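This is the structure I want to talk about, given as structure tokens.
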Amino acid sequence: QPQQKDYDDLCSLPDLNEKTLLENLRNRFKQEKIYTYVGSILIVINPFKFLPIYNPKYVKMYDNHQLGKLEPHIYAVADVAYHTMLQRRKNQCIVISGESGSGKTQSTNFLIHHLTA
């Protein structure tokens, strides 16, 4: 079976339906790409293991960039909220939602890590 192209933004799927959406998320997860955008929304699939994508190199890489220019990442969302707050001089809010055990606390820790860096 040929390798399917994966889309880092589900809005880019040529045929958007439940099947293609789930297949795309599954394909990305198998490649340890746990982050996927839906426009400006970030979907995270908990890998239940540590991935080496939370170090100073990634903090710097996602610093002051436009959302969607790099691979989806929690740091991208944190950075966009931070720079929007500075630019507009208005508070920003990031909503983290999910089932019990889905990784909400860990995602919050990664957000805070990026903001404090």
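Can you name every one of the helices (runs of 4 or more DSSP H) wholly within the stretch 1-100 that holds 1 or more residues which are within 20 Å of HIS114 (Cβ to Cβ) and in contact (Cβ under 8 Å) with a residue 60 or more places away in the chain?
Once the helices (runs of 4 or more DSSP H) in the stretch 1-100 are filtered for at least 1 residues that are within 20 Å of HIS114 (Cβ to Cβ) and in contact (Cβ under 8 Å) with a residue 60 or more places away in the chain, what remains is 56-61.
Do you know which residues across the stretch 36-61 are hydrophobic (A, V, I, L, M, F, W, C) and closer than 18 Å to THR108 by Cβ?
ILE41, LEU42, ILE43, VAL44, ILE45, PHE48, PHE50, LEU51, ILE53, VAL59, listed by residue number.
Another question, then. Tell me yes or no: at least one residue of the stretch 31-44 is touching a Cys at 6+ places or on another chain (Cβ under 9 Å), open to solvent by less than 90 Å² (accessible area, probe 1.4 Å) and of a type in the set (Phe, Trp, Tyr).
Scanning the stretch 31-44, I find at least one residue that is touching a Cys at 6+ places or on another chain (Cβ under 9 Å), open to solvent by less than 90 Å² (accessible area, probe 1.4 Å) and of a type in the set (Phe, Trp, Tyr), so the answer is yes.
Now for a separate question. Kindly indicate whether any position in the stretch 101-113 is assigned to a loop (DSSP other than H, G, I, E, B), open to solvent by 50 Å² or more (accessible area, probe 1.4 Å) and modelled with pLDDT of 95 or more.
no
Can you name every residue in the stretch 1-32 that is in contact with a strand residue (DSSP E or B) (Cβ under 7 Å, 6 or more places away or on another chain) and among the charged types (D, E, K, R)?
ASP8, ASP9, ARG28
I need a count of the residues in the stretch 58-96 that are open to solvent by 30 Å² or more (accessible area, probe 1.4 Å) and over 15 Å from THR36 (Cα atoms).
So the answer is 21.
The values are calculated or read from the model by the stated rules, or taken from the named source; none is laboratory data. Not measured: the values here are computed from a predicted model. Counting neighbours? That spans all protein chains shown, and the Cβs are built from the backbone with ideal geometry, glycine included. All accessible areas refer to the heavy atoms of the entire protein, side chains included, with ligands and DNA or RNA removed. Shrake-Rupley method; radii C 1.70, N 1.55, O 1.52, S 1.80 Å.
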